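Heads up: the structure comes next, in C-alpha cells.
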Amino acid sequence: MSHQAATPVDLPVPDAEGIYTFPDDLVRAHQQWTDQLGERHRADDDRVIELKAPHSRHSYYIEARRPEGRPVLVIEPHHDDFALSASGTFLAHPRPLTVVTVFTRSRSVHPALEGTYSTEAAVSALRGQEGAAALTPFSAARLLLDHKDADPPYRPYDKRQLERITDELREIIAQHPGTELLAPAAVTRHPDHLLVHEAAVRLGCRWFWEDLAFWSTYALTSCDQHLFRTRSDRPALSPSLVDITDVILDKVTVLRMHGSQMHPARKAYRPFRHAWTTAADLLAGTGTYAERFYRTESL
C-alpha cells in the first residue's frame, strides 16, 4: 500500500556532537504530514485514522496498515519497546502482529507528572493506554502479562522470575502456531530486557531487534553486536538493516502515542538519532534512517 508522499530525506541529519540537533526540522515536517493526513481524514478517507495521545490528548493522523504474510509474535519487555525499536519496519512492511508485553505494572513516569500519576495503578494504566495507542495503526493484538518492572538501581533479574515468565510465554506461543518470534536483542544493561531476551532464546526465538533502553549505550556508535555477543554463547548473529526513511514521519506519530507524557518533546527524538547512525551503515547508501535486527545464522 502507498504511504507518505513526502519523506524527510532532505532534513538535516544529526551531527557528530549532539543527539538533539535536528528536532525542530523534524517537528515541522511531522506537523505538515499530520495536517495533510488530517485533511484526508476529514474528507472521509477510510485509510486514515485518528489517534489521540493518552496523556496530552492531542490528535494525530496516520494510515492504518493492512498486514499480510506470516504472522509475528512480538515479545516486548515494556509497553514502549516495540514502538521504539522496531515499529518503523512494520510500518514499512506490515505483517499480522500479536504483541506480548511482559512488564505491565510500573511506577515509572516523567518526574514532572509524579503528582498526577501518583500510584502504580495510575502509572500502569497510562502506560497501557500509550501502548494500545501506539499499536493501533498495526491492527495488532495485545496480550498483557502482569509483572512489575525493575526499579533502579538495577540488579540482576531473579532466576525464579525468569522461569515463571518463560512458562507463561511458552503457553502463549503454543496458542499461536506458525508465528515467527521477535524479541529484544538485549544490547542494554536493563534486567527486564535481559530476562525477556533469555526467555525468548529458550523458546526458540532467532530474530531480535536492537533495543534502545539506554541511550548512552548507543550514542555515536555504528554497531553494538559485540555487547550482545559478550553476553551470549548463542550461534553467531547476522545483522540486517531495514530502511525506514519512507515511514519516518509515521514513526514519529507512533512515538507520540507511546511517549505522550514525554517532555520536553526533544527527548522523543532519541530513536531517530540512533536510526540515523544505523542508516549510516547501509551498504547501498539508499536511506537516511534504518532499524537494525539480528538473526542467528541457522535461520
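Which residues, taken from the range 28-63, are of a type in the set (A, V, I, L, M) and in contact with a Pro (Cβ under 9 Å, 6 or more places away or on another chain)? Spell out the reasoning first.
If we filter the range 28-63 for residues that are of a type in the set (A, V, I, L, M), which is where we start, we get 29, 37, 43, 48-49, 51, 53, 62.
Scanning the range 28-63 gives 29, 49, 51, 62.
Can residue 54 be described as part of a loop (DSSP other than H, G, I, E, B) and either β-branched (Val, Ile, Thr) or within 30 Å of residue 40 (Cβ to Cβ) (or both)? Even if it seems obvious, please write down each step before you answer.
Working: part of a loop (DSSP other than H, G, I, E, B): yes; either β-branched (Val, Ile, Thr) or within 30 Å of residue 40 (Cβ to Cβ) (or both): yes.
It is true that residue 54 is part of a loop (DSSP other than H, G, I, E, B) and either β-branched (Val, Ile, Thr) or within 30 Å of residue 40 (Cβ to Cβ) (or both).
I want to confirm something. Restricting to the range 45-81 and keeping residues that are acidic (Asp, Glu) and exposed (fewer than 13 other Cβ atoms within 10 Å of the Cβ), which single residue is nearest to residue 94 (Cα to Cα)? Don't jump to the end; show me each part of the working.
Within the range 45-81, the subset acidic (Asp, Glu) is 45-46, 50, 63, 68, 76, 80-81.
Then drop every residue that is not exposed (fewer than 13 other Cβ atoms within 10 Å of the Cβ), which leaves 46, 68.
Values: 46: 18, 68: 6 Å.
The qualifying residue nearest to residue 94 (Cα to Cα) is 68.
Got a sec? Which of 26, 11 is within 21 Å of the chain's Cα centre (by Cα), surrounded by 15 or more Cβ atoms within 10 Å (Cβ to Cβ), within 20 Å of residue 287 (Cβ to Cβ) and modelled with pLDDT of 55 or more? Talk me through it step by step, then tell me what you get.
Values: 11 fails: within 21 Å of the chain's Cα centre (by Cα).
Being within 21 Å of the chain's Cα centre (by Cα), surrounded by 15 or more Cβ atoms within 10 Å (Cβ to Cβ), within 20 Å of residue 287 (Cβ to Cβ) and modelled with pLDDT of 55 or more holds for just one of 26, 11, which is 26.
Looking only at the range 57-93, which residues are assigned to a loop (DSSP other than H, G, I, E, B), touching a residue at least 60 places away in the same chain (Cβ under 8 Å) and over 23 Å from residue 273 (Cα atoms)?
Let us first name the residues in the range 57-93 that are assigned to a loop (DSSP other than H, G, I, E, B), namely 57-58, 64-71, 77-80, 86, 93.
When the remaining residues are screened for being touching a residue at least 60 places away in the same chain (Cβ under 8 Å), the result is 58, 64-67, 70-71, 77-80, 86, 93.
The answer is 58, 64, 65, 66, 67, 70, 71.
Kindly indicate whether any position in the range 244-263 is farther than 25 Å from residue 94 by Cβ and at pLDDT below 70. Working first, answer last.
The initial filter retains those residues of the range 244-263 that are farther than 25 Å from residue 94 by Cβ, namely 261-263.
Next, only the ones that are at pLDDT below 70 stay: 263.
Yes, there is a match, as at least one residue in the range 244-263 is farther than 25 Å from residue 94 by Cβ and at pLDDT below 70.
Which condition does residue 188 not pass, out of (1) in contact (Cβ under 8 Å) with a residue 40 or more places away in the chain; (2) under 16 Å from the mean Cα position of the chain (by Cα), if it passes all the others?
The number of the failed condition is (1).
Answer yes if at least one residue in the range 107-115 is small (Gly, Ala, Ser) and touching an Asp or Glu at 6+ places or on another chain (Cβ under 8 Å), and no otherwise.
Step one: list which residues in the range 107-115 are small (Gly, Ala, Ser), which gives 108, 112, 115.
Keeping just the survivors that are touching an Asp or Glu at 6+ places or on another chain (Cβ under 8 Å) gives 108.
Yes - at least one qualifying residue is present in the range 107-115.
For the range 149-167, does any single residue satisfy the condition of being modelled with pLDDT of 95 or more and within 25 Å of residue 65 (Cα to Cα)?
No, because not a single residue in the range 149-167 is modelled with pLDDT of 95 or more and within 25 Å of residue 65 (Cα to Cα).
Taking the stated definitions as given, is residue 179 of a type in the set (Ser, Thr, Tyr), modelled with pLDDT of 95 or more and either under 15 Å from residue 98 (Cα atoms) or touching a Gly at 6+ places or on another chain (Cβ under 9 Å) (or both)?
Numbers: of a type in the set (Ser, Thr, Tyr): yes; modelled with pLDDT of 95 or more: yes; either under 15 Å from residue 98 (Cα atoms) or touching a Gly at 6+ places or on another chain (Cβ under 9 Å) (or both): yes.
In short, yes.
Kindly indicate which of 236, 268, 279 is modelled with pLDDT under 75 and more than 27 Å from residue 130 (Cα to Cα).
Working: 268 fails: more than 27 Å from residue 130 (Cα to Cα); 279 fails: modelled with pLDDT under 75.
Of 236, 268, 279, the one residue that is modelled with pLDDT under 75 and more than 27 Å from residue 130 (Cα to Cα) is 236.
The values are calculated or read from the model by the stated rules, or taken from the named source; none is laboratory data. These figures come from a predicted structure and were not determined experimentally. Note that we place each Cβ from the backbone using ideal geometry, even for glycine, and neighbour counts take in every protein chain shown.
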